[in-house]
Amino acid sequence: MKTEENLIKAILVDDHAVVRAGIRQFLEHTHQIQVVAEASDGEEIIKLLETVHPDIVVLDIQMPRKNGIEVTRWIHQNKPDIGILVLTAYDDDPYIQAVLKAGADGYVLKTSEPDEIVRAVLDVHDGKAVMDSTLTRRLMERIKHPENEISIETLTNREIEVLSLVGKGFTNKAIGVSLNISDRTVQNHLAHIFGKLQAASRTEAVMRAISAGIIPSDLIN
């Protein structure tokens with residue numbers, strides 16, 4: 001058994017306390033990992049890292065205040081010695097690409113078995129790049145069969161302006177004021193954007209646009 005000094009120190013970041021409790025239980029059950037702190041949102045973890053110095057941060061993508069992509073970017077730039085493992089329910093390519101581009105060392109789905117998540121923590125701590133096996137298989141399939149890739153229609157300049165403001169967190173009304181157009185026009189632009197990007201929500205549209213290089217990733221709040 002490792003002594004406390006030799007344990008891998010981890011911080012868990014998720015806005016659901018029950019999820020954090022479950023992850024903590026099976027991570028610490030290994031007697032190789034010690035959860036030294038928890039946070040429920042992006043701003044809390046950034047403040048926490050001013051005083052707590054973990055080996056690895058395990059975080060979700062969708063969280064209040066600052067999301068996991070923004071937090072990942074901040075840790076990568078300001079605390080580069082800390083490993084970053086994303087543990088999330090989101091398996092969409094735009095999320096994966098955005099968070100890896102932001103500096104994450106690993107990406108694992110919450111549907112993974114506990115021992116897979118533990119192994120991911122250990123591997124990230126050892127400096128290895130980690131990708132969920134399900135996502136790896138999907139990537140290989142897409143490389144083998146590029147004809148199945150979804151094509152994205154070209155957005156107009158106005159649609160890019162609207163989507164950029166969506167990425168900054170603007171409401172439809174605020175977008176209308178900023179661009180001097182009506183709320184109904186904003187809604188029409190968003191409908192066209194959703195159709196072209198094959199997105200079901202504002203967040204998914206932004207993530208798909210970032211993945212395709214249509215808007216920059218630093219627009220995400």
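Does residue 45 qualify as being at pLDDT 95 or above and among the β-branched types (Val, Ile, Thr)? Write out each step before concluding.
Working: at pLDDT 95 or above: yes; among the β-branched types (Val, Ile, Thr): yes.
Considered against the rule, which asks whether it is at pLDDT 95 or above and among the β-branched types (Val, Ile, Thr), residue 45 comes out as yes.
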The listed residue being of a type in the set (Val, Ile, Thr) and without any contact (Cβ under 8 Å) to a residue 24 or more places away in the chain, out of 18, 52: 18
Within the stretch 30-47, can one find any residue that is surrounded by fewer than 17 Cβ atoms within 10 Å (Cβ to Cβ), out of contact with any helix residue (DSSP H, G or I) (no Cβ under 8 Å at 6 or more places or on another chain) and under 18 Å from residue 127 (Cβ atoms)? no
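I'd like to check something: does the stretch 149-157 contain any residue that is closer than 16 Å to residue 215 by Cα, of a type in the set (Asp, Glu), touching a residue at least 24 places away in the same chain (Cβ under 8 Å) and touching a helix residue (DSSP H, G or I) at 6+ places or on another chain (Cβ under 9 Å)?
The initial filter retains those residues of the stretch 149-157 that are closer than 16 Å to residue 215 by Cα, namely 152-157.
Keeping just the survivors that are of a type in the set (Asp, Glu) gives 153.
From what is left, the residues that are touching a residue at least 24 places away in the same chain (Cβ under 8 Å) are 153.
Then drop every residue that is not touching a helix residue (DSSP H, G or I) at 6+ places or on another chain (Cβ under 9 Å), which leaves 153.
Yes, the stretch 149-157 has at least one match.
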In this structure, does residue 208 turn out to be basic (Lys, Arg), modelled with pLDDT of 80 or more, closer than 30 Å to residue 107 by Cβ and touching a helix residue (DSSP H, G or I) at 6+ places or on another chain (Cβ under 6 Å)? no
So the helices (runs of 4 or more DSSP H) completely within the stretch 1-119 holding 3 or more residues that are within 22 Å of residue 132 (Cα to Cα) are 17-28, 68-78, 93-102
Please enumerate the residues belonging to the stretch 120-134 that are over 13 Å from residue 58 (Cα atoms), within 16 Å of the chain's Cα centre (by Cα) and outside any loop (DSSP other than H, G, I, E, B). 131
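Which ones in the stretch 173-215 are of a type in the set (Ser, Thr, Tyr) and under 19 Å from residue 97 (Cβ atoms)?
Within the stretch 173-215, 201, 203, 211 meet the criteria.
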Failed item in (1) at pLDDT below 95; (2) over 18 Å from the mean Cα position of the chain (by Cα), with residue 90 passing the rest: (2)
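The values are calculated or read from the model by the stated rules, or taken from the named source; none is laboratory data. Keep in mind that what you see is a predicted model, and the values were worked out from it rather than measured. Every residue, glycine among them, receives a Cβ derived from its backbone with ideal geometry; neighbour counts consider all protein chains shown.
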